[in-house]
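Quick notes on the structure that follows.
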Amino acid sequence: MLTTPEQIERYRLVTLRAAVRLESLGMKRKGKSATAISRELLGLSRSAPFPAVIAGLNQRIEAIHV
């Protein structure tokens with residue numbers, strides 16, 4: 001069970017990373033894309049490629065010590 005803010009944030013980032021991977025393969029979703037959400041979170045430009053977004057999410061995930 002996720003009870004601490006760190007665990008919740010880590011789960012959110014892992015979920016975003018999985019969604020970005022699916023979007024890179026062509027899957028679409030309604031509303032704002034996971035890639036757009038991730039780029040805003042990481043402070044990347046709108047033209048940042050998928051590998052850069054995934055790498056940034058990986059760094060954030062590893063930085064959270066649970």
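Summary table below
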item	result
Taking the convex hull of Cα positions in the chain, its mean projected area over all directions (nm²)	4.8
Per residue accessible area of the chain, 1.4 Å probe, in Å²	72
Computed over the chain: relative contact order in percent, which uses C-alpha pairs under 8 Å that are six or more apart	42
Sulfur and carbon atoms: percent of accessible area, region 21-66 [1.4 Å]	57
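The values are calculated or read from the model by the stated rules, or taken from the named source; none is laboratory data. Quantities reported herein were computed from a predicted structural model and do not represent experimental measurements. Ligands, DNA and RNA are excluded from the accessible area calculation, which covers all protein heavy atoms including side chains. Shrake-Rupley method; radii C 1.70, N 1.55, O 1.52, S 1.80 Å.
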